[in-house]
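Report on the structure given below.
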Amino acid sequence: MYPTRAMRSWIFGIMLPYRALCLILKHRGLAVLSLLPLFLAALLSYFIFQSLNEYALRYLSGFITSDYLRWISYLLQLILFIAVSLAYSFLAGLVALPFNDFLAEKTESYCVPALPPPPHEVNHHITSRFRLIWIDLIKTLMSGFILLLCFLMSWIPIVHFFAAALAFVVMTLQYISFPQTRRFKTFRDDLRFVFTHPFACLGFGMILTTCFAVPILGAFMLPLAVVGGTLLVAHGQDLT
């Protein structure tokens, strides 16, 4: 019975990005908060591409004759396009930072089962806001430390399998943190959630890590990760 429940929980984690996509497509507010950072990142990427291309052509025009400059420009544009495409996911992640918490908060309105409401003071006291920022900072530092350990352990034979699983879990921690932090849940509370639902968290972290490793696709996974992490917290009681 237990292996069946574990497998069901793992598959649930794998399918969370798809559930998140369905929810985003169903609600316009979620779609706007999901697409706006991607659009802004695309504009920023285009601006960077054009600026680098113009600067490089002006620089090269002083050394290369016009007969070869056109062919060099084609090659240069191809190289810059590949470089900017690879950097797009990183840029999208930076642009999305101010939007992620709003997206997670908006997602809570559509969660079934519903999440318990956050404490009243979250939106009404400035000191509570600073407390949330402090909790989020501690979580980020702890996650970074664990990821560093995973990187070091990845060089050790056999142990690197454990390091990969731990990295998947840390990836999940990043995205269950949004609804958890709004309820003043600490890093220890997040770890307790992971240990309570290890297979769902492992599956969710696996699919996120795999998709984030693919250029451009990783950018489109960002809103799915935020919404999926919120859904995972909401469905936590169904996975025990």
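The values are calculated or read from the model by the stated rules, or taken from the named source; none is laboratory data. Fair warning: this is a prediction, and the values are worked out from it, not measured in the lab. All Cβ positions, even for glycine, are placed from backbone atoms using ideal geometry, and neighbour counts span all protein chains on display.
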Problem set entry | Filter result for the condition that a residue is loosely packed, with under 13 Cβ neighbours inside 10 Å and modelled with pLDDT of 80 or more, over PRO116, PRO179 | PRO116
Exercise. Of all residues in the stretch 75-112, which are among the hydroxyl-bearing types (Ser, Thr, Tyr) and touching a residue at least 60 places away in the same chain (Cβ under 8 Å)?
Worked result: SER85, TYR88, SER89, THR107, TYR110
Seminar exercise, completed: Going through the stretch 200-240 in order, the residues found to be more than 15 Å from the chain's Cα centre (by Cα) and hydroxyl-bearing (Ser, Thr, Tyr) are THR240
Exercise. Yes or no: ALA20 under 17 Å from the mean Cα position of the chain (by Cα), part of a helix (DSSP H, G or I), without any contact (Cβ under 8 Å) to a residue 40 or more places away in the chain and under 24 Å from GLU108 (Cβ atoms)?
Worked result: no
For this session: Scan VAL95, VAL84 and give me the residue that is within 25 Å of the chain's Cα centre (by Cα), more than 19 Å from TYR175 (Cβ to Cβ) and either exposed (fewer than 13 other Cβ atoms within 10 Å of the Cβ) or modelled with pLDDT under 90 (or both).
Result: VAL84
